[in-house]
Amino acid sequence: MALELSYQDKATIIHRLDPRVRMLWWLSINITLTTWNDPLFLFLLLMSVFIYGRIAGIPIKQSLQNLLPVLPFVLFVLIANIAFWRPPQSATAHLISYLVRPGTPVIHAIPFYWETIVFSIGTMLRLLVLITSTLTLIRTVSPSEMALAATRMGVPPEIGMALSMTIAYIPVVVGQLISVMEAQQSRAWKVKTSNPIARFRAYASISIPTFFRSFQAAEAMAAAMMSRGFGYDIDHRTELEPTKFDGRDWAMTIIFAAFLVGGFLLGFLGILQYTVTMHMLGFG
């Protein structure tokens with residue numbers, strides 16, 4: 001199943017917002033995310049992303065389906081945190097058991113705490129929020145709007161264009177990869193083998209054609225931009241459809257900015273750490 005990554009223009013209240021406001025939503029979510037690690041509040045944040053996407057016309061079922069390809073990586077991060085992360089104050093931590101018992105020859109004892117479970121779930125939810133919010137941004141902001149918004153926010157036009165083209169090119173690469181895989185499967189391409197060398201050789205048969213297809217598409221895109229005079233007086237170009245803030249944009253900007261500042265400070269001050277869930281579970 002292919003990821004739904006392409007922008008869809010829909011007549012929703014989200015799509016009618018200024019592209020800078022939509023990008024501010026994404027920034028407020030992910031900058032706040034860097035200071036939170038409490039599973040309860042991260043779960044609520046994830047639900048808010050799903051609700052935002054639903055208002056933008058993205059079915060929740062589709063948002064969940066788009067997470068399926070990244071679940072193996074998310075589960076790997078969860079297991080790695082459970083195996084290796086330990087609370088900084090182990091003397092006051094709440095022990096469940098030992099992954100490796102004390103007295104085991106050669107290997108040191110490895111304790112397993114309730115704090116480890118709570119923190120690991122929080123890390124998993126942070127990844128899910130980051131991925132879901134990014135996919136939602138791609139679905140609700142067109143590449144041209146993203147370039148315009150980045151330029152209006154003070155980013156150099158070249159960087160804004162590079163950012164928008166990178167986002168716009170993701171569905172192209174995914175589509176090329178799917179077409180190459182289907183072509184190879186029609187030629188009896190097999191990748192399910194326990195031999196790592198054979199598996200690497202099998203994937204080489206799809207990576208090389210995909211690379212050359214992407215390279216050719218990038219060359220064609222660069223030639224098209226140069227033929228349209230992209231590099232000529234880029235700092236003084238005008239817009240075909242200028243955008244400006246209205247009352248709705250200002251209201252949402254205030255809401256997202258307040259959430260960004262408030263959420264970041266709450267996390268930075270240590271208020272929304274995993275200890276909140278620990279207290280709610282009765283381990284305070």
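Taking 0.36 nm per intervening residue step and subtracting the Cα-Cα distance, what contour gain separates SER207 from GLN8 on full extension?
68.8 nm
Per residue, how much accessible area does segment 38-174 show when a 1.4 Å probe rolls over the protein heavy atoms, in square angstrom?
I get 51 Å² per residue for segment 38-174.
Just order 6-17, 64-75, 96-107 by mean Cβ neighbour count inside 10 Å, highest at the front, would you?
Packing order, densest peptide first, comes out as 6-17, 64-75, 96-107.
In whole percent, and with a 1.4 Å probe on the protein chains, what portion of the accessible area of segment 5-101 is carbon and sulfur?
After summing per-atom areas, the C and S share lands at 70 percent.
Whole-Hz Karplus ³J(HN,Hα) for segment 98-112, in order, using 6.51 cos²θ - 1.76 cosθ + 1.60 and θ = phi - 60°, x for Gly and Pro?
Values, residue by residue: 10, 5, 10, 5, x, x, 5, x, 6, 8, 6, 5, 10, x, 10 Hz.
Computed FRET efficiency, Cβ-Cβ of VAL77 and ILE31, R0 25 Å: what is it to the nearest 0.05?
Efficiency computed from Cβ-Cβ geometry: 0.75.
Among HIS15, THR35, LEU45, flag the residue with its Cα farthest along the positive direction of the charge dipole of segment 1-92, charges on Cβ as +1 for Lys/Arg and -1 for Asp/Glu.
Positive-end residue among those listed: HIS15.
The values are calculated or read from the model by the stated rules, or taken from the named source; none is laboratory data. These figures come from a predicted structure and were not determined experimentally. Please note: Cβ atoms are built from the backbone with ideal geometry, for glycine as well, and neighbour counts cover all protein chains shown. Remember, those area values only see protein heavy atoms, side chains included, never the ligands or the DNA or RNA. Shrake-Rupley method; radii C 1.70, N 1.55, O 1.52, S 1.80 Å.
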